[in-house]
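The values are calculated or read from the model by the stated rules, or taken from the named source; none is laboratory data. Since the structure is predicted, the reported quantities are computational estimates derived from the model, not experimental observations. Please note: Cβ atoms are built from the backbone with ideal geometry, for glycine as well, and neighbour counts cover all protein chains shown. Protein only, heavy atoms only, side chains kept; ligands, DNA and RNA dropped before computing areas. Shrake-Rupley method; radii C 1.70, N 1.55, O 1.52, S 1.80 Å.
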Amino acid sequence: MEMQKTYNPKDFEDKLYAEWTEKNYFRAEADPSKIPFTIVIPPPNITGQLHLGHALDNTIIDALIRFKRMQGYSALYLPGCDHASIATEVKIVEQMKKEGLTKQDVGREEFLRRAWEWKDKFGGRIVEQLKKMGVSADWSRLAFTMDERCSKAVREVFVNLYEKGLIYRGDRIINWCPSCKTALSDAEVEYSEDASFFWHLKYPVKDSSESIIVATTRPETMLGDTAVAVNPKDKRYEHMVGKTLVLPLVGREIPVVADEYVDMEFGSGAVKITPAHDPNDFEVGLRHGLEVIRVMNDDGTMNENAGKAYEGMDHFAAREKIVEDLKAAGALVKIEPHSHNVGHCYRCHSTVEPIVSKQWFVKMAPLAKPAIDAVVRNKIHFTPERFSKIYYNWMEGIKDWCISRQLWWGHRIPVWYCADCGETIVSKTDPDACPHCGSKNLRQDEDVLDTWFSSALWPFSTLGYPDKTEDFDYFYPTDVLSCGYDIIFFWVARMIFSGIEHTGKVPFRDVLLHGIVRDEQGRKMSKSLGNGIDPLEVIDEYGADSLRFALISGVAPGNDSRYSRAKVEAMRNFMNKIWNASRFVIMNAEGADVPDIREVKLSAADKWIVSRLESCIKEVTLNMGKFELGIAAGALYDFMWSDFCDWYIELSKAPLYGDSPEKKRAALAVLCFVLKNALKLLHPFVPFITEEIYGNLPGVTGSIMISDFPRYDSKLAYKKEAKAFEGVMDIIKTVRNMKTSVNCPPSKKVKLFLASPMKRLVSANAAAIMKLAGVGSIGFVESAADVGERVLSQVIENCTVFVPLGELVDIEKEKVRLAAELERVEGEIRRADGKLQNRGFIEKAPKNLVDAERAKLDKFIEMKEKIERQLQEL
RNA sequence: GGAGGCAUAGCUCAGUUGGUUAGAGCGCUCGCUUCACAUGCGAGAGGUCGUAGGUUCGAGUCCUACUGUCUCUACCA
């Protein structure tokens with residue numbers, strides 16, 4: 001088959017993916033003769049399309065999966081999507097708004113119909129995007145958080161937790177989004193420093209001329225005040241404690257209480273207490289038995305408790321009016337600018353109102369303890385390690401998890417209330433009648449569960465839990481969990497305690513965290529900035545492999561990275577390089593009989609590249625194991641481009657186009673051997689191009705994705721030979737350098753003279769030296785004088801290089817250059833000598849390092865002598 | 001308030017348990033119609049590794065403080 005001159009991924013990416021799918025290569029079997037290796041996808045939200053963060057996620061995971069699959073594991077990449085309760089619901093509400101409809105207009109049933117329609121559309125789109133990326137996921141196991149399997153797990157878990165007393169319902173302060181009209185968990189609130197004001201209010205003491213001043217950032221909540229608190233140690237207010245105040249505008253009589261919570265240094269040292277609308281005040285209220293008066297409705301408007309003047313007003317409007325009225329009543333002391341942290345809904349960004357509400361909660365303390373333990377005892381390991389500290393920090397201070405949401409899209413809470421006897425029924429299956437009174441008049445809880453409640457079960461709900469399925473037995477616990485560090489709390493932590501609690505096992509052994517993919521200027525990609533990148537567009541322009549390699553190279557675990565078109569372009573160039581190198585090999589191998597490298601006599605250059613390949617195998621394998629994919633990718637980039645293309649392919653041209661059939665056979669054998677193995681090493685990162693080329697290699701059958709990953713072979717390491725051959729390479733580099741330094745065109749052939757003990761090696765590689773350095777003849781001499789012309793000379797390890805360049809040589813310039821060189825070498829001698837003079841170094845450093853340093857010193861001393869001789873001869 | 005990250009070439013970043021003369025890509029300079037590739041080839045310039053101490057035979061790497069910067073987290077009304 002003819003290969004195109006340039007790499008054109010569109011010619012084969014889709015075709016190969018279809019072939020892989022058709023041949024069922026992605027399917028992982030519960031095969032007892034193999035070791036399982038499992039990763040579950042961080043399920044993308046069905047709210048929209050994939051972005052570069054997903055692309056990074058999936059590149060990392062797919063690389064690990066393909067690597068393990070090639071190593072003989074039964075590698076399962078389990079794909080799926082998340083229903084993303086609140087996020088999707090927001091989208092659907094928006095969509096309906098365009099039609100002039102609200103949730104209430106269409107009703108629950110129709111709303112859910114629309115949501116499923118949305119799911120089918122976007123879920124399908126996400127799957128297509130993942131396929132474009134080349135992800136080798138087992139689509140036969142495609143999961144969705146609201147499918148039957150996962151929903152069954154949700155009910156199982158809810159009921160079990162309830163029965164263990166770990167789920168309860170109660171009135172607590174929660175975060176309320178007035179726009180989404182639902183409760184939010186603490187994790188779903190984002191704080192930002194907003195400019196606002198501090199309103200100082202004066203509350204008079206009953207039947208007295210005294211008053212107390214309090215400051216607030218939310219004056220409208222004063223309607224719900226049921227006390228004023230001061231610090232018990234505060235001398236200023238000692239006499240006030242126990243007195244009664246008259247709440248302005250309302251006229252309610254409220255006590256002054258003493259509570260440690262109050263910071264004497266802050267504000268006036270007196271705090272108005274609104275138990276219904278502030279988490280701290282709620283706690284104070286509990287301690288002092290204060291009344292809880294809600295003055296706001298769920299939609300953020302004031303309710304009847306706020307009084308007729310404000311009822312029905314939005315709280316922001318009410319705020320203005322209340323401030324006006326307070327001012328008129330003489331209760332407003334002053335207003336000062338103040339910036340403070342305000343919570344916002346993570347989906348719609350409205351200001352979150354803390355309010356008292358009846359919600360379902362998960363009791364966290366008993367769940368957090370074993371989850372912390374699992375990481376402490378290294379049953380789960382974080383990469384990078386530092387994230388375990390962040391995990392501990394959060395887990396140790398965790399509060400109960402509010403799991404009920406006043407939404408429709410999601411898992412409906414499996415709780416029913418009997419209208420006749422008031423019984424609460426919590427059940428895995430829908431009950432027909434009240435077990436207490438037999439009434440059929442049951443009403444299911446209206447609310448759904450936090451979307452993260454089902455995500456928390458993902459590693460086992462997708463594998464069949466609670467049923468004891470073959471998949472569950474074989475693939476669970478999973479091996480690696482890879483995702484961005486931004487969802488440690490939302491997801492990773494919750495999977496850990498859920499896995500331990502419900503399956504008795506940690507859900508995965510390794511957590512591999514990556515950073516955020518930012519834009520070229522280092523900004524987060526976001527809708528509002530319009531700086532998001534669609535992976536599909538990048539793939540369309542450069543191919544999936546280029547994108548994958550760009551995302552993964554130069555990136556360390558846990559570190560943020562920047563996306564730039566230039567980076568992708570550079571990697572596209574690398575793909576083109578691989579493509580053309582392969583084209584070179586295949587063209588030369590065409591029609592020839594390519595032997596195994598063990599059947600041919602290897603040249604020094606051959607042994608060198610094979611040696612380089614072996615160390616590359618070692619480095620890639622090692623770093624894949626440590627999740628250092630960036631390092632592995634970098635090693636491959638260097639090996640492929642520098643070692644294989646720039647050096648070996650050029651070196652191979654001499655035997656390839658020479659007149660010895662034996663040497664040609666050997667070179668061909670090595671070219672094919674090295675290329676084939678390099679492609680295998682590259683395959684986990686760039687699956688398409690490697691598969692396409694692999695199929696064109698002579699004598700190769702089958703797919704690269706199910707071939708064996710290369711194993712380091714010490715018999716092919718050729719350490720000594722490789723090192724020796726580097727001497728030849730140094731000669732070539734030196735000659736090139738010399739020619740450039742006198743503006744001699746590379747194509748102009750020069751005569752080369754060497755004073756070298758490596759005479760045999762040089763002679764054996766004369767053809768390569770002549771070709772790569774642009775040399776016409778090679779001679780051996782003792783010193784520059786033997787050449788008999790004006791020469792440039794350069795002392796390198798084991799060798800002095802002389803190139804007669806006649807008139808081009810400027811003696812004075814040459815003297816300066818040599819003097820500089822001498823200085824450098826002398827510097828090295830001082831450094832090495834200093835080290836060796838140091839008794840501590842000799843005694844404490846490893847012996848091989850000391851020996852190496854001695855050898856180095858000898859080498860530099862020899863070089864110094866030679867350079868001095870050159871200078872003398874000039 | 002608490003915690004964590006980052007600071008290395010003009011730019012973007014690697015640098016594995018401390019150990020050769022600190023690397024890459026992009027950019028820059030010079031030279032190349034070399035029969036795989038100009039999405040290329042060769043040569044080169046460019047860094048006292050944020051500052052100050054410390055540990056060590058040895059520090060870009062470990063410790064402490066400081067400066068700058070980013071992020072997470074938290075109940076200061």
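Taking A:VAL342 as the residue in question, decide whether it is open to solvent by less than 60 Å² (accessible area, probe 1.4 Å) and over 23 Å from A:ARG494 (Cα atoms). When the stated conditions are applied, A:VAL342 passes them. Checked against (1) crowded, with 19+ Cβ neighbours inside 10 Å; (2) away from RNA strand B (no atom under 16 Å from the Cβ); (3) within 21 Å of A:GLY699 (Cβ to Cβ), A:SER603 passes all but condition (3). In the set (1) within 11 Å of RNA strand B (Cβ to nearest atom); (2) open to solvent by 40 Å² or more (accessible area, probe 1.4 Å), A:ASP540 fails one condition alone, (1). Taken over region A:151-193, the criterion of being assigned to a strand (DSSP E or B) and under 30 Å from the mean Cα position of the chain (by Cα) is satisfied by A:ASN175, A:CYS177, A:ALA183, A:LEU184, A:VAL189, A:GLU190, A:TYR191, A:SER192, A:GLU193.
Taking A:ALA371 and the conditions (1) touching a residue at least 24 places away in the same chain (Cβ under 8 Å); (2) surrounded by fewer than 19 Cβ atoms within 10 Å (Cβ to Cβ); (3) not aromatic (Phe, Trp, Tyr), which numbered condition does it fall short on, given that it satisfies the others? Just one mismatch for A:ALA371, condition (2). Restricting attention to region A:475-487, the residues being crowded, with 20+ Cβ neighbours inside 10 Å and among the β-branched types (Val, Ile, Thr) number 2. Name the single residue that is farthest from A:ALA773 (Cα to Cα) among those in region A:788-842 being within 13 Å of RNA strand B (Cβ to nearest atom) and among the basic types (Lys, Arg). Filtering region A:788-842 for residues that are within 13 Å of RNA strand B (Cβ to nearest atom) and among the basic types (Lys, Arg), the one farthest from A:ALA773 (Cα to Cα) comes out as A:ARG839. Under the condition of being within 23 Å of A:LYS15 (Cβ to Cβ) and open to solvent by less than 40 Å² (accessible area, probe 1.4 Å), the residues counted in region A:646-680 number 4. Note on region A:8-34: among residues that are open to solvent by less than 40 Å² (accessible area, probe 1.4 Å) and over 17 Å from A:TYR694 (Cα atoms), the one that is farthest from the chain's Cα centre (by Cα) is A:ALA30. The set of residues in region A:639-659 being within 30 Å of A:GLY515 (Cα to Cα) and within 7 Å of RNA strand B (Cβ to nearest atom) consists of A:TRP641 alone. Evaluation of A:ARG287 against the conditions (1) touching a Phe, Trp or Tyr at 6+ places or on another chain (Cβ under 8 Å); (2) within 16 Å of RNA strand B (Cβ to nearest atom); (3) open to solvent by 70 Å² or more (accessible area, probe 1.4 Å) shows that the sole unmet condition is (1). Restricting attention to region A:125-150, the residues that are assigned to a loop (DSSP other than H, G, I, E, B), touching a Cys at 6+ places or on another chain (Cβ under 9 Å) and open to solvent by less than 50 Å² (accessible area, probe 1.4 Å) total 1. Candidates A:MET525, A:MET495: the one that is open to solvent by less than 30 Å² (accessible area, probe 1.4 Å), more than 10 Å from RNA strand B (Cβ to nearest atom), farther than 30 Å from A:CYS672 by Cβ and out of contact with any Cys (no Cβ under 7 Å at 6 or more places or on another chain) is A:MET495.
For region A:244-279, the candidate set comprises residues that are within 10 Å of RNA strand B (Cβ to nearest atom) and open to solvent by 70 Å² or more (accessible area, probe 1.4 Å); within that set, the residue that is farthest from A:ALA329 (Cα to Cα) is A:TYR261.
Of all residues in region A:734-743, those that are surrounded by fewer than 20 Cβ atoms within 10 Å (Cβ to Cβ), touching a residue at least 12 places away in the same chain (Cβ under 8 Å) and not small (Gly, Ala, Ser) total 4. Inside region A:363-404, residues that are assigned to a strand (DSSP E or B) and within 29 Å of the chain's Cα centre (by Cα) make up a count of 5. Residues that are aliphatic (A, V, I, L, M) and out of contact with any strand residue (DSSP E or B) (no Cβ under 8 Å at 6 or more places or on another chain) within region A:218-263 comprise A:LEU249, A:VAL250, listed in sequence order. The set of residues in region A:290-315 being open to solvent by 60 Å² or more (accessible area, probe 1.4 Å) and either free of Cβ contacts under 8 Å to residues at least 12 places away in the same chain or in contact with a Cys (Cβ under 7 Å, 6 or more places away or on another chain) (or both) consists of A:GLU304, A:LYS308, A:GLU311.
Residue-by-condition table, conditions (1) outside any helix (DSSP H, G or I); (2) under 30 Å from A:SER85 (Cα atoms); (3) aliphatic (A, V, I, L, M):
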residue: A:PHE316; (1), (2), (3): no, yes, no
residue: A:LYS321; (1), (2), (3): no, no, no
residue: A:GLU324; (1), (2), (3): no, no, no
residue: A:LYS327; (1), (2), (3): no, no, no
residue: A:GLY330; (1), (2), (3): yes, no, no
residue: A:VAL333; (1), (2), (3): yes, no, yes
residue: A:HIS338; (1), (2), (3): yes, no, no
residue: A:GLY343; (1), (2), (3): yes, yes, no
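Looking only at residues of region A:434-474 that are in contact with a Pro (Cβ under 9 Å, 6 or more places away or on another chain) and farther than 22 Å from A:ASP82 by Cα, we find that the one that is surrounded by the fewest Cβ atoms within 10 Å (Cβ to Cβ) is A:GLN444.
In the list A:VAL555, A:VAL511, which residue meets the criterion of being touching a residue at least 60 places away in the same chain (Cβ under 8 Å), near RNA strand B (Cβ under 8 Å from one of its atoms), surrounded by 22 or more Cβ atoms within 10 Å (Cβ to Cβ) and of a type in the set (Val, Ile, Thr)?
A:VAL555
Listed by first and then second residue, the pairs with beta-carbon distance under 6 Å, at least 6 apart or on different chains, first residue in region A:563-589 and of a type in the set (Ser, Thr, Tyr), second open to solvent by 50 Å² or more (accessible area, probe 1.4 Å) and within 8 Å of RNA strand B (Cβ to nearest atom), are A:SER564/A:GLU520. Note on region A:778-874: enclosed helices (runs of 4 or more DSSP H) holding 1 or more residues that are open to solvent by less than 80 Å² (accessible area, probe 1.4 Å) and under 25 Å from A:ARG736 (Cα atoms) are A:784-787, A:811-837, A:847-873. Filtering A:LYS723, A:LYS748, A:LYS719 for residues that are in contact (Cβ under 8 Å) with a residue 40 or more places away in the chain and surrounded by fewer than 18 Cβ atoms within 10 Å (Cβ to Cβ) leaves a single hit, A:LYS719. Taking region A:386-426 only, how many residues are more than 16 Å from RNA strand B (Cβ to nearest atom), under 27 Å from A:LYS369 (Cα atoms) and among the polar types (S, T, N, Q)? Within region A:386-426, residues that are more than 16 Å from RNA strand B (Cβ to nearest atom), under 27 Å from A:LYS369 (Cα atoms) and among the polar types (S, T, N, Q) number 1.
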